[in-house]
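Asker: The structure that follows is given in the form of structure tokens.
The values are calculated or read from the model by the stated rules, or taken from the named source; none is laboratory data. Treat the numbers as computed from the prediction; the structure is a model and nothing was measured. Ideal geometry is used to build each Cβ from the backbone, glycine not excepted, and the neighbour counts take in all protein chains shown. SASA here: full protein model, heavy atoms, side chains in, ligands and nucleic acids out. Shrake-Rupley method; radii C 1.70, N 1.55, O 1.52, S 1.80 Å.
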Amino acid sequence: MDEVRPSSGAPAHGLVPLFPPGLQAIYGECRRLYPEQANPLQVTAIVKYWLGGPDPLDYISMYRNAGCPAQDIQEHWHYVSFGLSDLYGDNRVHEFTGADGPSGFGFELTFRLKRELGETAPPTWPAELMQGLARYVFQSENTFCSGDHVSWHNPLDNSESRIQHMLLTEDPQMQPIQTPFGTVSFLQIVGVCTEELQAAQQWNGQGILELMRGVKVAGGPWLITDMRRGETIFDIDPHLQERVDQGIETEGSNLSGVSAKCVWDDLSRPPEDEEDSRSICIGSQPRRLSDKDTEQIRETLRKGLEFNSKAALPPINSQRQSHERPQSRKDSLESESSAAIVPHELVRTRQLESVHLKFNQESGTLLPLCLRGRLLHGRHFTYKSINGDTAITFVSTGVEGAFATEEHPYAFQCGDFLFECLSLSAFPVQILLTEEFVEQMLGDLQELNIREETKLPKEYSWPEKKLKISVLPDSVFDNPLQ
């Protein structure tokens, strides 16, 4: 639970500091921007996270920003979080590792909300939104980067607004700071429509953010969120869709994976008996695995599912492409394979003759993105299940480190013990698709590009390739036994 109160500000110059050094450093950056607002309104966690409270952010400060009329930047409310970075340096929340690296998670969140006419106090709903994102970061230990997207699937203010998702970018005014506990940058939340989120997924978040900066009503140079915006940037300027399409064609997508409702089956094996799916056969007598054994096995699998970033949690899908190296057509899975599940000498690659892939509708609509935006550009794309320990990774023939091959395009890796203990669908699987087959699939899956709700289930089959894909209702994944 949070409460709103004026902040007590920061100590005057020359007095003994009354505030923890990390908190003081962020206050200092805020004072640089708002010297006349020394005591802004704050939303404060009544029970701090380090005392067992549910909200990771100790404070969210709210400032009134006059904008910049010369640059056609409108007046707005500016929100700044305190708590994703290390405020205290005493290990109560974050492990202190020195001043050279990031402080805590290395960033704080900000948000800019258009000030409505006659509004005298900032709305407080953005504080709860920021707490929700912070809870995700603390629970998953995933950090955000500029260009990442957040699939929220709900109006950010719980109204009827079309602004239902978020992109993240560098705050245009707040500069990275050095604190005694490490560096802190400021990532700004930008509210977007569904069509803009989908464009960011198909192309990249930075590209869409740059387009939005050129459209005043969509945010302008400082990317100010207007919850009353009823048109997408593509409604406002249809030519922007052409720029996105051209970017997808020439650059592909930098989204390398998503959290998803998905599962796979081996079509060449008879369906498994649910009663025996956790049994080991010793002689002719099945031995039931204990709950402790099962959890140990699942924990081992989870470690092997940490691909190029830690596993994402719903409803967040973050783009984890490296910002330090340019994209090339020759992608690499490097350490992302499931060989990390158990020691290498115990792992074997196991080929599958035929495979049935199952996705819910939201995941299914991303298949054209996976094929056109990733595989046709020599890259890979991973669906990480949110309901279990498995994953489905599509790879092209140019991806280094893949264990699926053109001769054996469907494969997974595991040790002998796990192979005997668990259902096959518990293991991450790789699906290698040739460029010719990708082009064929894109034609067959064309209806998935339509963003309207379609009647489910949908089934697509390529018998000559021994591959089947089903798009199923969410209820199938929410109740896997039905």
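Asker: Condition first: among the polar types (S, T, N, Q) and over 24 Å from GLU195 (Cα atoms). Can you find one or more residues in the range 148-155 that meet it?
Answerer: The answer is no; no qualifying residue exists.
Asker: Given (1) closer than 26 Å to LEU23 by Cβ; (2) modelled with pLDDT of 95 or more, where does LEU167 come up short, assuming only one miss?
Answerer: (1)
Asker: Restricting the range 1-28 to residues that are within 15 Å of GLY83 (Cα to Cα), out of contact with any Leu (no Cβ under 7 Å at 6 or more places or on another chain) and modelled with pLDDT of 95 or more, which is surrounded by the most Cβ atoms within 10 Å (Cβ to Cβ)?
Answerer: Filtering first and then ranking leaves ILE26.
Asker: Sticking with this structure for a sec: Counting only residues that are closer than 21 Å to TRP222 by Cα and charged (D, E, K, R), which one in the range 37-72 is modelled with the highest pLDDT?
Answerer: Restricting to residues being closer than 21 Å to TRP222 by Cα and charged (D, E, K, R), the top hit is ARG64.
Asker: Same structure again: Which condition number in (1) surrounded by fewer than 24 Cβ atoms within 10 Å (Cβ to Cβ); (2) closer than 21 Å to ALA200 by Cα; (3) touching a Ser or Thr at 6+ places or on another chain (Cβ under 6 Å) is the one that THR393 fails?
Answerer: The single condition THR393 does not satisfy is (1).
Asker: Given the conditions (1) at pLDDT below 75; (2) over 29 Å from GLU459 (Cβ atoms); (3) open to solvent by 30 Å² or more (accessible area, probe 1.4 Å), report the number of the one that PHE419 does not fulfil.
Answerer: (2)
Asker: Test GLN175 against the criterion of being modelled with pLDDT under 95 and not in a strand (DSSP E or B), and give yes or no.
Answerer: Taking the combined requirement at face value, the residue does not satisfy it.
Asker: Could you pull out the residue among GLU36, GLU95, GLU108 that is in contact with a strand residue (DSSP E or B) (Cβ under 8 Å, 6 or more places away or on another chain) and either without any contact (Cβ under 8 Å) to a residue 12 or more places away in the chain or under 19 Å from GLN188 (Cα atoms) (or both)?
Answerer: Just one listed residue meets the conditions, GLU108.
Asker: Still on this structure: Which one is farthest from the chain's Cα centre (by Cα) among residues in the range 171-215 that are open to solvent by 50 Å² or more (accessible area, probe 1.4 Å) and farther than 26 Å from ASP235 by Cα?
Answerer: So the residue we want is PRO180.
Asker: Does ASP226 satisfy the criteria of being of a type in the set (D, E, K, R), in the same structural domain as GLU128 (by the TED database) and under 22 Å from the mean Cα position of the chain (by Cα)?
Answerer: no
Asker: Is it the case that the range 350-367 has a residue that's free of Cβ contacts under 8 Å to residues at least 40 places away in the same chain, crowded, with 22+ Cβ neighbours inside 10 Å and more than 19 Å from GLU447 (Cα to Cα)?
Answerer: No, the conditions are met nowhere in the range 350-367.
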